[in-house]
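Asks: I have a structure I would like to understand better, so I am pasting it below and will then ask my questions one at a time.
The values are calculated or read from the model by the stated rules, or taken from the named source; none is laboratory data. For clarity, every value in this text was computed on a predicted model and none was experimentally measured. Here Cβ is always computed from backbone atoms with ideal geometry, including for glycine, and neighbour counts include all displayed protein chains. The area values use the complete protein model at the heavy-atom level, side chains included, leaving out ligands, DNA and RNA. Shrake-Rupley method; radii C 1.70, N 1.55, O 1.52, S 1.80 Å.
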6 protein chains.
Amino acid sequence: MKVAVIRKAHFNAAHRLHNPAWDDDRNREVFGLCNNPNGHGHNYELEVKVTGEIDPDTGMVVDLGWLAGLIRREVEQRFDHKHLNLDTEEFRNLNPTAENIAVVIWRILRVHLPEHLGLHVRLYETPRNFVECPA
Amino acid sequence: MKVAVIRKAHFNAAHRLHNPAWDDDRNREVFGLCNNPNGHGHNYELEVKVTGEIDPDTGMVVDLGWLAGLIRREVEQRFDHKHLNLDTEEFRNLNPTAENIAVVIWRILRVHLPEHLGLHVRLYETPRNFVECPA
Amino acid sequence: MKVAVIRKAHFNAAHRLHNPAWDDDRNREVFGLCNNPNGHGHNYELEVKVTGEIDPDTGMVVDLGWLAGLIRREVEQRFDHKHLNLDTEEFRNLNPTAENIAVVIWRILRVHLPEHLGLHVRLYETPRNFVECPA
Amino acid sequence: MKVAVIRKAHFNAAHRLHNPAWDDDRNREVFGLCNNPNGHGHNYELEVKVTGEIDPDTGMVVDLGWLAGLIRREVEQRFDHKHLNLDTEEFRNLNPTAENIAVVIWRILRVHLPEHLGLHVRLYETPRNFVECPA
Amino acid sequence: MKVAVIRKAHFNAAHRLHNPAWDDDRNREVFGLCNNPNGHGHNYELEVKVTGEIDPDTGMVVDLGWLAGLIRREVEQRFDHKHLNLDTEEFRNLNPTAENIAVVIWRILRVHLPEHLGLHVRLYETPRNFVECPA
Amino acid sequence: MKVAVIRKAHFNAAHRLHNPAWDDDRNREVFGLCNNPNGHGHNYELEVKVTGEIDPDTGMVVDLGWLAGLIRREVEQRFDHKHLNLDTEEFRNLNPTAENIAVVIWRILRVHLPEHLGLHVRLYETPRNFVECPA
């Protein structure tokens, strides 16, 4: 039976939604308050789900300490207490919507996981808005 | 990659579980306290999940402002601060169990969403009981 | 040192805010949607706080099993799955606002507690609105 | 349309992660603090999801009172306020990781459910670590 | 008996902790990651507590609709989706720590409340860090 | 104006409620399932509240990084992943009720805080039972 293990983490960041190919009016129309030039911010809450068979020796799908360390090094240290648009390579040219942030995190983590394990990411931008990938 | 976007909303309503084809004893046996003739009530917490590809121009699967407005108009204004059995067309002849309320909300929202987007609804009747559709 | 012990409980009920001394327009103006004639409802979440010295024999301020039983008998069985205005003595002639419900619960519980113990009640009408008494 | 109904429950238990086939050093290396000989403990929060068609007579997939009673008898009374390794048959020879506990609970409940209903279990070991099965 | 009524609200904002009277090294030493020049951000969750006697005509301490509107106009519209240091008058020359933000919100709201009502503010900067004033 | 700053932390531990001055029957009668000889366990969630004036140079009552480190060293490293009765000095001869644990934590932290700052502790034994001291 396949079992999924989920680990929660979090990071606090500023961002601005903006498409440089559009003029200011179009940006304000589409992104509203999220287009505020100086940015705003969120407490991003992240859930990383890893799916696989239980290893009979350990009783685990994946070592949670290792997974927590991976998330800390690859996600939290990269994005925590940053302005995503201004301080990170990933979002210099990519609009930091919750959707795009989740996909970027999924790609960052995917390469560090053995291929036989499944990976899903859920990202809360606020307690009322969140995204999942892959859906 | 398909991504899902989830928006939370809520409404407060009264309801009574009752099957008019049954006599009072059978109703009390099946529905217990939920069959109380004058009704009782809940803070319904709703999660609406929309699934699709990310639009490269906006970085979004669906505009959250539009989705929030749709839920407000079609769900909250219809059910909030109502007695579901007595004040709404949808549950005049349909038992307002959490299961049926979720399916009704899914059908209401489905016709307003483009066909290429997936739709799932999760409805919390209490923090301890909730339903999802389609499962 | 005084220590407080808090126990959570919950009940689901319908209610209607209404002042029979006012006409319909005044009621609608003051109570808005909460004046809906057929009522609406909530998942009331209750926190009962009892304050006193720790008994050195038990290490407890009050036995939590006893307190949980008291709340079940005196509050939950009285109000759970009821329409407060129509099904309870307490709110037949008293407007069931969160403030009034909290005071009623405080008075019900107060007579069952030894005098040397303090009592406070917090009542969530929704996750976003709650009251405390005495303040 | 298939609908899922989810019921939450909880139990508080002690456990120790340990593989008797390994020496102490290997156990400490793999399980870290969770290998503490005298054990530690958790508030396990359980979500049981049952999936099926809505019965048109009741408006329900499964009777929640029956489901809550099943979970109480089969899971809570078995594991609540126990040391899982020392007080239960299930984990006398099985490492009580969250993964294994979830699978054990799934197997216990599966035999009590009609075959046409689906069953999934989510188990929170802490608010930050949880598992799902089958994934 | 005095009763307290609490209303929750929220706003999302960016901020930077910085004391212009100090050099960069001292700022980094005291504020750490929170001193990041481009700022970071939070989902601020706000609880506004108003304390007083229950009005016997309404059963309320204060009208929650009025209170929610006051918070929306005076707090949310001022701070939501803003960079507190760059976009608001209040924090142009005041370090936007959670403590200072809470005091500023308390002062803004205080002048709009009748004198006989008490006012307390709780502000969550993250789910793990929050402040209350007056304490 | 006095302001309070609250920091959340957590630890997972096993415990057993037991009074060695009583016989087994009396212990089972008073402590019920919590008297299980092999213990059970909890995810303890801790809130440490520090109260004082805002330092005008930092905008803070107390440095949250310092406070978090103090809690980690003095509380988490002492109690996390331990059996409180068997693995800690503090509860070798003191019944580890939530009340006693909270008072012990308060005393441990009190000596590390400057005298002009107030200190309160809230400890969740489960999401439904918690204590505060001093009350």
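Asks: Which residue, of A:32, A:59, is small (Gly, Ala, Ser), at positive phi and surrounded by fewer than 18 Cβ atoms within 10 Å (Cβ to Cβ)?
Replies: Going through A:32, A:59 in turn, the sole match is A:32.
Asks: Given the residues B:57, B:25, which is the only one that is part of a loop (DSSP other than H, G, I, E, B) and of a type in the set (Asp, Glu)?
Replies: B:57
Asks: Same structure, new question: Out of the residues in the range E:96-135 that are assigned to a loop (DSSP other than H, G, I, E, B) and open to solvent by less than 20 Å² (accessible area, probe 1.4 Å), which is nearest to the other protein chains (Cβ to nearest Cβ)?
Replies: Per the stated criteria, the residue is E:97.
Asks: Turning to a different aspect of this structure: Residue E:52 versus (1) more than 22 Å from residue F:56 (Cβ to Cβ); (2) crowded, with 21+ Cβ neighbours inside 10 Å: which is the lone unmet condition?
Replies: Just one mismatch for residue E:52, condition (2).
Asks: Here are some residues: B:92, B:16. Which one is buried (at least 18 other Cβ atoms within 10 Å of the Cβ) and either modelled with pLDDT of 95 or more or within 14 Å of chain C (Cβ to nearest Cβ) (or both)?
Replies: Exactly one residue qualifies, and that residue is B:16.
Asks: Does residue F:74 meet the test of being surrounded by fewer than 16 Cβ atoms within 10 Å (Cβ to Cβ), more than 25 Å from residue D:13 (Cβ to Cβ) and under 11 Å from the mean Cα position of the chain (by Cα)?
Replies: Here the answer is yes, as residue F:74 does meet what is asked.
Asks: Taking the condition open to solvent by 60 Å² or more (accessible area, probe 1.4 Å) and under 30 Å from residue F:45 (Cβ atoms), does residue E:86 pass? Step through it out loud before you land on a result.
Replies: Working: open to solvent by 60 Å² or more (accessible area, probe 1.4 Å): yes; under 30 Å from residue F:45 (Cβ atoms): no.
For residue E:86, the condition - open to solvent by 60 Å² or more (accessible area, probe 1.4 Å) and under 30 Å from residue F:45 (Cβ atoms) - is not met.
Asks: Then there's this: Inspect the range D:45-60 for any residue being within 9 Å of another protein chain (Cβ to nearest Cβ), small (Gly, Ala, Ser) and in contact with a strand residue (DSSP E or B) (Cβ under 8 Å, 6 or more places away or on another chain) and give the result as yes or no.
Replies: Within the range D:45-60 (the criterion being within 9 Å of another protein chain (Cβ to nearest Cβ), small (Gly, Ala, Ser) and in contact with a strand residue (DSSP E or B) (Cβ under 8 Å, 6 or more places away or on another chain)), the answer is yes, since at least one residue qualifies.
Asks: When residues of the range B:12-56 are filtered for being more than 18 Å from residue C:39 (Cα to Cα) and hydrophobic (A, V, I, L, M, F, W, C), how many remain?
Replies: So the answer is 8.
Asks: When both residues are 6+ apart or on different chains and their Cβ atoms are under 8 Å apart, which pairs have a first residue that lies in the range A:63-83 and is away from chain E (no Cβ under 14 Å), and a second that is open to solvent by 10 Å² or more (accessible area, probe 1.4 Å) and among the basic types (Lys, Arg)?
Replies: Going by the 8 Å Cβ cut-off, the qualifying pairs are A:64/A:7; A:67/A:7; A:68/A:7; A:71/A:7.
Asks: Another question about this same structure. Exactly one of these conditions fails for residue A:43: (1) crowded, with 18+ Cβ neighbours inside 10 Å; (2) assigned to a loop (DSSP other than H, G, I, E, B); (3) of a type outside the set (Val, Ile, Thr). Give me its number.
Replies: It fails just one condition, (2).
Asks: For a quick check of your reading of the model, give me the residue pairs whose first member lies in the range A:19-30 and is more than 8 Å from chain B (Cβ to nearest Cβ), whose second is modelled with pLDDT of 95 or more, with beta-carbon atoms closer than 7 Å and at least 6 apart or on different chains.
Replies: A:27/A:18; A:27/A:19; A:27/A:35; A:28/A:35
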